[in-house]
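J.: Sharing a structure with you now.
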Amino acid sequence: MSYNLHLVPGTISEVFASVATTGIVTLEDRYALLAATLNENLDPEDRSHLDRILYSVRRGLIKICN
């Protein structure tokens, strides 16, 4: 099954800034992160932001809300 998800440029940077400010990943943020993980052409800066967000969630530094 193939999914056709398109990531708007700058989305990961915006999500990173929002999460860093609030310490919370919202449902909208999670969908943006999902699209980013499925994007094979993600630039290195966005990949780094994505990795830092996921690392922080695993360590409990950032909370996930519904």
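J.: Could you please find all residues in the stretch 44-58 being of a type outside the set (Gly, Ala, Ser), open to solvent by less than 70 Å² (accessible area, probe 1.4 Å) and under 12 Å from SER13 (Cα atoms)?
T.: Residues satisfying the conditions are ASP46, HIS49, LEU50, ILE53.
J.: Find all pairs meeting these conditions: Cβ atoms under 8 angstrom apart; at least six residues apart or on different chains; first residue within the stretch 40-66 and in contact (Cβ under 8 Å) with a residue 40 or more places away in the chain; second residue part of a helix (DSSP H, G or I) and open to solvent by less than 100 Å² (accessible area, probe 1.4 Å).
T.: Partner pairs satisfying both residue conditions: ILE62/VAL19; ILE62/ILE53; ILE62/SER56; ILE64/ARG30; ILE64/VAL57; CYS65/LEU27.
J.: How do the pairs read when you match residues in the stretch 18-39 that are closer than 17 Å to TYR55 by Cβ and open to solvent by 50 Å² or more (accessible area, probe 1.4 Å) with residues anywhere that are modelled with pLDDT of 90 or more and in a helix (DSSP H, G or I), using Cβ under 8 Å and keeping only pairs 6 or more apart or on different chains?
T.: If the second residue must be modelled with pLDDT of 90 or more and in a helix (DSSP H, G or I), the pairs left are THR37/LEU50.
J.: Something else: Say whether the condition of being hydroxyl-bearing (Ser, Thr, Tyr) and at pLDDT below 90 is met by at least one residue in the stretch 37-58.
T.: yes
The values are calculated or read from the model by the stated rules, or taken from the named source; none is laboratory data. Model, not experiment: these values are computed from the prediction. Cβ atoms come from the backbone with ideal geometry, glycine included; neighbour counts cover every protein chain shown. Surface accessibility is based on the protein's heavy atoms, side chains included, excluding ligands, DNA and RNA. Shrake-Rupley method; radii C 1.70, N 1.55, O 1.52, S 1.80 Å.
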